[in-house]
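Scroll down for the structure; my scribbles are underneath it.
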Amino acid sequence: MTLLLTLDDGTIRRKLLDAVEPAREAAVQDAGEGNVGDYVGSVNEDAFAVTHLFDSALPGYRGWRWSVTVATADEDAPVTISEVVLAPGPDAIVAPRWVPWARRVRPGDLGVGDIFPTQPDDARLAPAYATLDDPEAEEAAREIGLGRVRVMSRIGREEAATRWHRSEYGPRSDMARSAPGACGTCGFYLQLAGSLRAAFGVCGNEISPADGHVVHAEFGCGAHSEVEMETSSSVPVAELVYDDSLLDTEPMGDAPADGGEDTGDGDTDDADADAEGGSGGAGGEDGADTSAPADGDADADADNRATGAVGTESGEAPSPEPERGEPHAASDPNA
């Protein structure tokens, strides 16, 4: 590589920058009158060359520029035109970056009758006689005695597994998350052979949306073979049910008379006993007031009150009053 060293003090550079009109004339001569627009600026190529840029007025080339490169040998040499080209500017509409045809084809583009050959150096394939890193596949090939020219390599199998794992039949799909069970426990799950059998299989249930597709072992759907429906009612029902639409009525006894209500201290029983005693003292006469005490009982009560008063004044404790309903000793003719 040769480096050209100069001792230019700026004279050559000013000489090239001033050659705007010669550059415009070269652009008009190449593009035609009216197709060259305003001057945009310049770009330094090296110490002896400068490129002048002019807007393009050609129809359909908005944002493009005419690029005219001028050069000179030294301070005394004239400025000459090196080339005139139409180049895209920052705002130019250009075609997308070129991609080889083999890389432009996407999954799903292959139609009926289309042919898509693989590349000789495709990393997804490996010669069949080479080590496959898959003992089961090698054993099967030896048993059959036949072989293919090329089979999937480890890279090809890993790419396929990643693609299937991220597909709509992978474990992260919405259907898999809402499924009652995983495909790995389903009776319609047909497991693959080889190194991919641990994670992938084919669905064989015609009701399932994944029928005939490669599914992940953790994928699932509502057509799982072990799904059971509850036959009981979804509404909770109590074991004992009361039918309150029909009520059975029972007659009640007569209400107790006034004053005969239970006060909780046995007064009702005492009142009944007094009533019986009063009836006996009156001789059982019809029309007699059963609530009034007998004459003998009245005298006995008066004597008891007098005796109690005397005993209190003399310091003696009064005799205990007999319980109600029992005859007093003084009034009992049998005492």
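Some observations on this one:
- Checklist (1) open to solvent by 70 Å² or more (accessible area, probe 1.4 Å); (2) at pLDDT 70 or above applied to Leu110, failing item: (2)
- The single condition from (1) at pLDDT 85 or above; (2) open to solvent by 100 Å² or more (accessible area, probe 1.4 Å) that Ser178 fails is (2).
- The selection criterion, being farther than 21 Å from Thr118 by Cβ and modelled with pLDDT of 90 or more, does not hold for His224.
- The residue list Leu58, Leu53, Leu17, Leu7 contains one member that is at pLDDT 85 or above and over 60 Å from the mean Cα position of the chain (by Cα), which is Leu17.
- Selection count, region 197-212, where residues are surrounded by 15 or more Cβ atoms within 10 Å (Cβ to Cβ) and either modelled with pLDDT of 90 or more or small (Gly, Ala, Ser) (or both): 8
- Counting the residues of region 11-46 that are open to solvent by 50 Å² or more (accessible area, probe 1.4 Å) and not basic (Lys, Arg) gives 17.
- Any hit, region 148-167, residues being closer than 30 Å to Thr118 by Cα, modelled with pLDDT under 75 and not in a strand (DSSP E or B): yes
- Residue check, Thr80 within 18 Å of Ser42 (Cβ to Cβ) and without any contact (Cβ under 8 Å) to a residue 24 or more places away in the chain: yes
- Cβ-Cβ contacts under 8 Å between residues 6 or more apart (or on different chains), taken from a first residue in region 53-66 that is more than 24 Å from Ala19 (Cβ to Cβ) to a second residue that is outside any strand (DSSP E or B) and open to solvent by 60 Å² or more (accessible area, probe 1.4 Å), are listed as Arg62/Asp91; Arg62/Ile93; Gly63/Pro90; Gly63/Asp91; Gly63/Ile93.
- Given (1) touching a residue at least 40 places away in the same chain (Cβ under 8 Å); (2) open to solvent by 60 Å² or more (accessible area, probe 1.4 Å); (3) not hydroxyl-bearing (Ser, Thr, Tyr), number of the condition Glu168 does not satisfy: (1)
- All positions within region 57-70 that are open to solvent by 20 Å² or more (accessible area, probe 1.4 Å) and in contact with a helix residue (DSSP H, G or I) (Cβ under 9 Å, 6 or more places away or on another chain): Ala57, Leu58
- Residues (of a type in the set (A, V, I, L, M, F, W, C) and within 18 Å of Asp122 (Cα to Cα)) located in region 159-176: Ala160, Ala161
The values are calculated or read from the model by the stated rules, or taken from the named source; none is laboratory data. Keep in mind that this is a model prediction, so the values were computed, not measured. Virtual Cβ from ideal backbone geometry, glycine too; neighbours counted across all protein chains shown. Calculation scope for accessible area: heavy atoms of the full protein, side chains included, ligands and nucleic acids excluded. Shrake-Rupley method; radii C 1.70, N 1.55, O 1.52, S 1.80 Å.
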